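The values are calculated or read from the model by the stated rules, or taken from the named source; none is laboratory data. Model, not experiment: these values are computed from the prediction. Don't worry about glycine lacking a Cβ; one is built from the backbone with ideal geometry, like all the others, and counts go over all protein chains shown. Side chains included, ligands, DNA and RNA excluded: accessible areas come from the protein's heavy atoms. Shrake-Rupley method; radii C 1.70, N 1.55, O 1.52, S 1.80 Å.
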Amino acid sequence: MGETKFVLLLCFFAAAISTIRAEDPYLFFTWNVSYGTIAPLGVPQQGILINGQFPGPNINSTTNNNVVVNVFNNLDEPFLLTWSGIQHRKNSWQDGTLGTMCPIPPKTNYTYHFQVKDQIGSYIYYATTAMHRAAGAFGGLRVNSRLLIPVPYADPEDDYTVLIGDWYTKSHSTLRKFLDGGRALGRPDGVLINGKSAKGDGKDKPLFSMKPGKTYKYRICNVGLKNSLNFRIQGHTMKLVEMEGSHTVQNTYQSLDVHVGQCFSVLVTADQKPKDYLMVASTRFTKSVLTGKGLISYTNGKGPASPEIPEAPVGWAWSLNQFRTFRWNLTSSAARPNPQGSYHYGAINITRTIKLVNTASKVDGKLRYAVNGISHIDPLTPLKLAEYYRATEKVFKYDIISDSPPAKDADKVTMAPNVLNMTFRNFVEIIFENHEKSIQSWHLDGYSFFAVAIEPGRWNPERRKNYNLLDAVSRHTVQVFPKSWAAILLTFDNAGMWNIRSELAERRYLGQQLYASILSPARSLRDEYNIPDNSLLCGVVKGMPKPPPYSI
């Protein structure tokens, strides 16, 4: 072998070894999704289990890990999971909504592959098909900071996931029939904490244990269907340290309002008399209050928990004031070593303002929810696939929704796929305006955004004077109180098709959602990945030749 060829060969092997070493670690999961009988409120009902578990398994990952989840659908109907809050950079193919993916047919499997790229924090996953979320099919997803990147607090003794949510004893299929028939879901039957509700009869098993003097991290997420919940722990305060992927200023709270789809991480120190204590989650903004309880036990505890439950706050003004105390920690590192506040979002010019107003109305005598007069329906062909295969004219039209609610025919509702065409890398202001008497909770896939204001009344440009343009928390959900508005700012720099939805299950199911299409003009792998080889095809794109792939 000539010397030149030998040197080239050595260079090739060195590059190959470097590539292997440079790739981020992989986590592999195999999940079997099946029906099973559960009775979290004492009434036997059909639940949806993942590997026989309710709630589903917790995913414990670290920043930049590759997560591979092989999902076997053993149900009798199609199924999908979304990874709420995971940004899927350049990869909306794995987002798990009906606008981006074909659902997994019964008795088949699909393997998700996504990277928790440049993220930390507490998240959840849940089913997006039908009303499967009402039967279980949800769980916690944590992204830990890499060891090289310090977090702004000492390592806790242990790290606990707390999934709180309202619960119906009616089956998911019955609830779906209600909605399909034009009825609302009505009042839930109870509140669960990690799929259980303590009875307080002395026979409850502790959900968590704490050693005296030690500090623990609790990741509290609302996985329910419609109710905001107030969370508190008897005799203990909570120090807020992280919210939906951002380290926060570490304020201390007696209780926290957790709206549907939201996650908070708090530190709790076992500094009370060694015995049992109750964690409590109760409904907010409802005529009658439903309460769920869970037991925490000190390891050397002697004595049962007190039957006296700490009182919850009343009214939504308290909740609004609590929101105003949430601040981004500008001095801590996030998933990268640079400080969180090094991105000065408040100094960027807004290029587009979109005002979204939610409404409830009847169409042909049936309940529908709409945004700016458009009530979304999912076509048989996922929007992203139609776009990629250049078959949009057969599936949907862009921009049938306007950037502000219609001035005329405000009660008119159009049922259609709802897709906003966004300009790649534009800095956009979105206003969620709620004219109704009930609280809303909005979520955006693929991004985090700056929740700069929530205020009573109607929005107008003068209200920008009230924006927090310095240290608003970067997050992926925002609540909107009755007769109020919320403003968020973000750069649409993640190419793909991304869902903007109500986290209230009946509202999402009956049309209160839309999609943002962000296309890179370059059609380059620098901006977006090609469709995965294992992607399921359905609708009009099934059998169509695959388009030319993106390249660098």
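Suppose we filter region 349-374 for residues that are buried (at least 16 other Cβ atoms within 10 Å of the Cβ) and among the basic types (K, R); how many remain?
Within region 349-374, residues that are buried (at least 16 other Cβ atoms within 10 Å of the Cβ) and among the basic types (K, R) number 2.
Could you give me the residue pairs with C-beta distances under 7 Å whose first residue belongs to region 123-138 and is assigned to a loop (DSSP other than H, G, I, E, B), whose second residue is open to solvent by 10 Å² or more (accessible area, probe 1.4 Å) and among the hydroxyl-bearing types (S, T, Y) wherever it lies, and which are 6+ apart or on separate chains?
M131/Y509
Out of (1) at positive phi; (2) open to solvent by 10 Å² or more (accessible area, probe 1.4 Å); (3) small (G, A, S), what's the single condition that is false for S297?
It fails just one condition, (1).
So that you can scan it fast, the table gives a plain yes or no per residue for (1) under 30 Å from S342 (Cβ atoms); (2) modelled with pLDDT under 95; (3) surrounded by 22 or more Cβ atoms within 10 Å (Cβ to Cβ):
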| residue | (1), (2), (3) |
| --- | --- |
| M210 | no, no, yes |
| T215 | yes, no, no |
| C263 | yes, no, yes |
| V266 | yes, no, yes |
| P274 | no, no, no |
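For the subset of region 337-346 comprising residues that are in contact (Cβ under 8 Å) with a residue 60 or more places away in the chain and surrounded by fewer than 16 Cβ atoms within 10 Å (Cβ to Cβ), which member is farthest from E436 (Cα to Cα)?
This residue is P337.
Looking only at residues that are modelled with pLDDT under 95 and small (G, A, S) in region 513-542, which one is nearest to G496 (Cα to Cα)?
Residue satisfying both the conditions and the ranking: S520.
Where residues in region 123-176 are out of contact with any Phe, Trp or Tyr (no Cβ under 9 Å at 6 or more places or on another chain) and within 22 Å of R284 (Cβ to Cβ), which of them is most open to solvent (accessible area, probe 1.4 Å)?
Selected residue: T169.
Residue by residue, here is whether (1) touching a Leu at 6+ places or on another chain (Cβ under 7 Å); (2) assigned to a strand (DSSP E or B) holds:
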{"residue": "L330", "(1), (2)": "no, no"}
{"residue": "K355", "(1), (2)": "no, yes"}
{"residue": "L367", "(1), (2)": "yes, yes"}
{"residue": "A370", "(1), (2)": "no, yes"}
{"residue": "P379", "(1), (2)": "no, no"}
{"residue": "E393", "(1), (2)": "no, no"}
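Scan the strands (runs of 3 or more DSSP E) fully inside region 465-552 and keep the ones with 2 or more residues being open to solvent by 10 Å² or more (accessible area, probe 1.4 Å) and touching a Phe, Trp or Tyr at 6+ places or on another chain (Cβ under 8 Å). Working first, answer last.
Numbers: elements: 477-480, 484-491, 496-502, 513-519.
Hits in region 465-552: none.
Within region 10-25, is there a residue that is of a type outside the set (D, E), at pLDDT 95 or above and open to solvent by less than 70 Å² (accessible area, probe 1.4 Å)? Can you show your working first?
Step one: filter region 10-25 for residues of a type outside the set (D, E), giving 10-22, 25.
Now drop any that are not at pLDDT 95 or above, which leaves 25.
Checking which are open to solvent by less than 70 Å² (accessible area, probe 1.4 Å) leaves us with none.
For region 10-25, residues of a type outside the set (D, E), at pLDDT 95 or above and open to solvent by less than 70 Å² (accessible area, probe 1.4 Å): absent.
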